[in-house]
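Below: one structure, written as structure tokens.
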DNA sequence: ACCTCGACCTGCAAGC
DNA sequence: TGCTTGCAGGTCGAGG
């Protein structure tokens, strides 16, 4: 479950479970995920105190008092679960091992945090103290979509000269960090923009961002905020406005359109050809 | 420099 | 029931 809203939900769970605790033991149950674990992974984590858990795009950052930062990406199928000692007593699912558990962190509080990832597209890495929190993966990321600094002018500039479609541009983490396949479709529907439209067509004209860029920024922020709020209440209803709704009626008021599915860059895009231009 | 496509993995649902 | 196919919320590198 890995776009910005899901990663943010995981971040909150991990921050509550890990902040202030010491890592007493790290168990690697295999040598790699998408890439090998970095040299010294276990040694540099064991014994360290966790400052907090933050997020950048789809990356989770577990910051240690030593200055090191553990970087984690969920890929397509990665997930974390945290089991406290009381969970164990309940004889519930607790921290019992499951298929595809690849990394286990035991904390001084007794809480056990487990990383599970069937497809192993996830990544874990360490950011060195010297690097002042720089890492190739993080350096390449575009703006955080929910920051005020991400506005129509910024998006328009990032799209300037891009020959790819708007949908493909939104998946490019250098343009905006954290949007993935679901929320790209959702944001474009919110903005009434066709996913097939060329990204460069929303770019700046005569120094001012076009209305389309304003709508797209608004759409991105709106769908991400709403998704984050929904997770918080563990409220499962609602689902999506277009994603996985092929053949069903468009939900925009008074729009008579039907949601279509097309393939772009090898991935499914859902949109309403009637109201999205 | 930009763009497209396949590769990397496992699991699940649908169709025969 | 068992097989095959296609699809899945993400990158990343090769090659045009």
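The values are calculated or read from the model by the stated rules, or taken from the named source; none is laboratory data. Note that the structure is predicted; figures quoted are calculated from it, not measured. Ideal geometry is used to build each Cβ from the backbone, glycine not excepted, and the neighbour counts take in all protein chains shown.
Key figures for this structure:
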item	result
Residue check, residue A:220 touching a helix residue (DSSP H, G or I) at 6+ places or on another chain (Cβ under 7 Å), in a helix (DSSP H, G or I) and touching a residue at least 40 places away in the same chain (Cβ under 8 Å)	yes
Any chance residue A:29 is modelled with pLDDT of 95 or more and either away from DNA strand B (no atom under 16 Å from the Cβ) or closer than 30 Å to residue A:227 by Cβ (or both)	no
Unique match (being within 28 Å of residue A:13 (Cα to Cα), part of a helix (DSSP H, G or I), modelled with pLDDT under 95 and under 21 Å from the mean Cα position of the chain (by Cα)) among A:225, A:230	A:230
Residue in region A:197-215 that is farthest from residue A:165 (Cα to Cα), counting only those that are part of a helix (DSSP H, G or I) and in contact (Cβ under 8 Å) with a residue 60 or more places away in the chain	A:214
Region A:171-185, residues that are more than 10 Å from DNA strand C (Cβ to nearest atom) and either part of a strand (DSSP E or B) or surrounded by 24 or more Cβ atoms within 10 Å (Cβ to Cβ) (or both)	A:176
Residue, farthest from residue A:172 (Cα to Cα), within region A:237-273, restricted to residues that are assigned to a strand (DSSP E or B) and more than 16 Å from DNA strand B (Cβ to nearest atom)	A:249
Region A:38-57, residues that are within 16 Å of DNA strand C (Cβ to nearest atom) and out of contact with any strand residue (DSSP E or B) (no Cβ under 6 Å at 6 or more places or on another chain)	A:55, A:56, A:57
Output for region A:183-236, where each listed residue is in contact with a strand residue (DSSP E or B) (Cβ under 9 Å, 6 or more places away or on another chain) and within 16 Å of DNA strand B (Cβ to nearest atom)	A:184, A:194, A:195, A:196, A:197, A:198, A:199
Sole residue being under 18 Å from residue A:74 (Cα atoms) and out of contact with any strand residue (DSSP E or B) (no Cβ under 9 Å at 6 or more places or on another chain), chosen from A:179, A:123	A:179
Cβ pairs under 6 Å, 6+ apart, first in region A:109-125 and without any contact (Cβ under 8 Å) to a residue 60 or more places away in the chain, second assigned to a strand (DSSP E or B) and surrounded by 18 or more Cβ atoms within 10 Å (Cβ to Cβ)	A:112/A:83; A:112/A:106; A:114/A:81; A:115/A:80; A:115/A:102; A:115/A:103
